[in-house]
Structure formats: C-alpha cells, structure tokens
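These notes concern the structure reproduced below.
The values are calculated or read from the model by the stated rules, or taken from the named source; none is laboratory data. Every value quoted in this text rests on a predicted model; they were computed, and no experiment measured them. Please note: Cβ atoms are built from the backbone with ideal geometry, for glycine as well, and neighbour counts cover all protein chains shown.
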Protein chains: 2
Amino acid sequence: MEIKFCTTCGSPTLLKIPPEDDHVRSVCSVCGLVHYNNPKMVVGCIPQWQGKILLCKRNIEPRSGKWTLPAGYLENGESVQAGAVRETREEALADVRIINPYRLFNILFVDQIYFMFRAAMTSDQFGPTTESSEVRLFDEKDIPWDKIAFEVIRQTLEHYFSDRKKGRYPFRIFDLA
Amino acid sequence: MEIKFCTTCGSPTLLKIPPEDDHVRSVCSVCGLVHYNNPKMVVGCIPQWQGKILLCKRNIEPRSGKWTLPAGYLENGESVQAGAVRETREEALADVRIINPYRLFNILFVDQIYFMFRAAMTSDQFGPTTESSEVRLFDEKDIPWDKIAFEVIRQTLEHYFSDRKKGRYPFRIFDLA
C-alpha cells in the first residue's frame, strides 16, 4: 500500500530516490524519514493425516467458497515454522508437526513470498473457523481441483502429489509471474 | 518501526487489537486503517570462485570494518534469487549464478528472515563499493573468524565449510534467538 503520510511525524511524503539508493521510496517532506516497502512472507503447510490432506474452504474474500491450504502472513517475533503451525491452528483448528520445508514461491505481482512446509497432523482433530466454513481431509482422488482458491496452492498440491509418487520431497523455489 | 501516524490519512494511530485479530496493531484513530508490521526478508549468498569465498568488509554501520557476505533487504517485485544476485553486484561488484538455496535463519529479535544461497561467481571480477571498503576472495584457512560482522553470517560460513567436507549442502532452517 502507498505510504502517503510519514509514520513518525504525520506529514505528507514525496516519492523520490534517496541519496545512494536506486529505488523510489516514500520520503517524508518534513522529517526526511525514508519508508521502505518490502515483500511479505506468507507461511503455510500441507497437513497430512494417514495419506489424506487437510483443506480449508474459505469463508472470507478473496475466493470465498474455494478450497485452500492453511497459510497466512508471518508475524513479527515468529519463526516461519511457528507461523505455519499457528495458521493451521487458526484456520483449521488442527495441530501439526513440521516435517520439512517444501516450496518457496516468489509471487512478484503481489509482493508476496510463499513458504510452504510439509506437516503431519498430530491427531485427527480439526474443524471450521471464522476463516474456514468447512475443513476436510481429502484423498488425492477427491481433491477439488476446479475449486482451488489460488494458483500457488494448486501448484503446491500438484507438486506434492507428483513428488509423493517418487517418494522424495526436495525443497524447491518457483516464480509465479 | 512504530507506526504513529496513518499512512493513508496522516491522523494519529492507536495501538489496539482489531476485531477478529489477535495481535496488537496500529489502527488509525480517524479512518480506522489497520497497519500491519511484518518481518522483512534479507537475501544473500556465499559467492564461490575456485574453492575460495568472496567476503565484503563493511564500509557502513553497523559493524563497519567487519567482514560479511553480500546480503540485503529483498525489494518489492523481486524474487529471492534475483535479490541475492543484485545484492552481490551492489556490494561486491561481482556477478553470480545461483546454485541452490542453502540456509534460512529466523532472527526473531530483529524481525528478519535471512535467506542465503550458494552461488558461483561467473568471473573473477569484483571490487570495493560505497558499502564495502574492501572485497576479497578467501581460502577457508584465511577466513577472518574474529572479524565477522554478524552471527548469522558466521553460522552460514561455519555450516558451509562443514558441509563442504561432506560434499552435501542440504537446505536447512535455523533460529537465532
């Protein structure tokens, strides 16, 4: 989001390239503070239980009614692993143990870095939340491919089932343009 | 940094927990905009050339005069790979080709996520910059261990030389508390 006013003194900012910088920044017209706008990390996981995968039906926009994996913005003071575990609890009422980092997606057009883990559910407990109208375990053959909320989630799931056939899950990086 | 004024309307913010949230945020007292403050990604690499490693002597605070690997904040519109390549060019005037993702460090006390690659220099060209008073290739035995700028860089280098002896460089995640 554009920074129109200084976060420290409330004065209007100007868009300019600060000295010894090479990017346009919002610079305060009064106190000179340079505001940096950086990509945000979204952390999440593929929760597994006895060969099934846990998906959440979104109860909020965008893509309300479509299915997704638990994922959300990393918070300050939180590790990427802890963030993925927290999001799974918040969105699906499920507890997971992180297995391995699995995918990083650069999503340049929204300035997001998605970081997805494989994770094992520690029990078969889960349920709906304010963010998820329905939470359900799916066998591969039942995945609702035509109702997946986001391209990054569709690719994560496709890679996962492809890797599962090979029995190897190397960490890899992809760009979504 | 604390957000004392609204970035959209310039009015004072209040610290409070918005409805359906569980973190304290800076919320505008007039227009109600919620400001999120999230961890920043720092991307960098271990540039290799004929068994040597390229280090930069910092020319800026903090830790001016200490040695580091090229790394810096990921910019909007940039992939993590592209960011690491750019930082290496900016800080060391060196061109690299990314080999593999190598380490992620959660640095909770400064809300940073460090993401380090192994990279191959594409030539033996490099040199000092405004950010680096000196740039130099080091054999392992010559690494200035007592003059490394940051703990995260020291650990990255230690892991790298340890893994090099084994000939395997798995991607791994560590927390720096």
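Specify which of the listed residues (B:Ile99, B:Ile113) is in the same structural domain as B:Gln155 (by TED's automatic domain parsing), farther than 26 Å from A:Thr7 by Cα and assigned to a strand (DSSP E or B).
B:Ile99
Find the residue count for the stretch A:49-82, including only residues that are under 13 Å from the mean Cα position of the chain (by Cα) and either crowded, with 19+ Cβ neighbours inside 10 Å or hydroxyl-bearing (Ser, Thr, Tyr) (or both).
9
Checking B:Ala119 against (1) touching a residue at least 40 places away in the same chain (Cβ under 8 Å); (2) closer than 27 Å to A:Phe109 by Cα; (3) within 13 Å of chain A (Cβ to nearest Cβ); (4) outside any helix (DSSP H, G or I), which single condition isn't satisfied?
Unmet condition: (3).
How about the stretch B:21-41: which of its residues are more than 10 Å from every other protein chain (Cβ to nearest Cβ) and in contact with a Phe, Trp or Tyr (Cβ under 8 Å, 6 or more places away or on another chain)?
Of everything in the stretch B:21-41, just one residue is more than 10 Å from every other protein chain (Cβ to nearest Cβ) and in contact with a Phe, Trp or Tyr (Cβ under 8 Å, 6 or more places away or on another chain), namely B:Arg25.
Does the stretch B:73-106 hold any residues that are at positive phi and either within 8 Å of chain A (Cβ to nearest Cβ) or free of Cβ contacts under 8 Å to residues at least 40 places away in the same chain (or both), and which are they?
Passing the criteria: only B:Gly77.
From the list B:Val96, B:Val85, exactly one residue is in contact with a Pro (Cβ under 8 Å, 6 or more places away or on another chain), closer than 25 Å to A:Tyr114 by Cβ and surrounded by 15 or more Cβ atoms within 10 Å (Cβ to Cβ). Which is it?
After ruling out the rest, the residue left standing is B:Val96.
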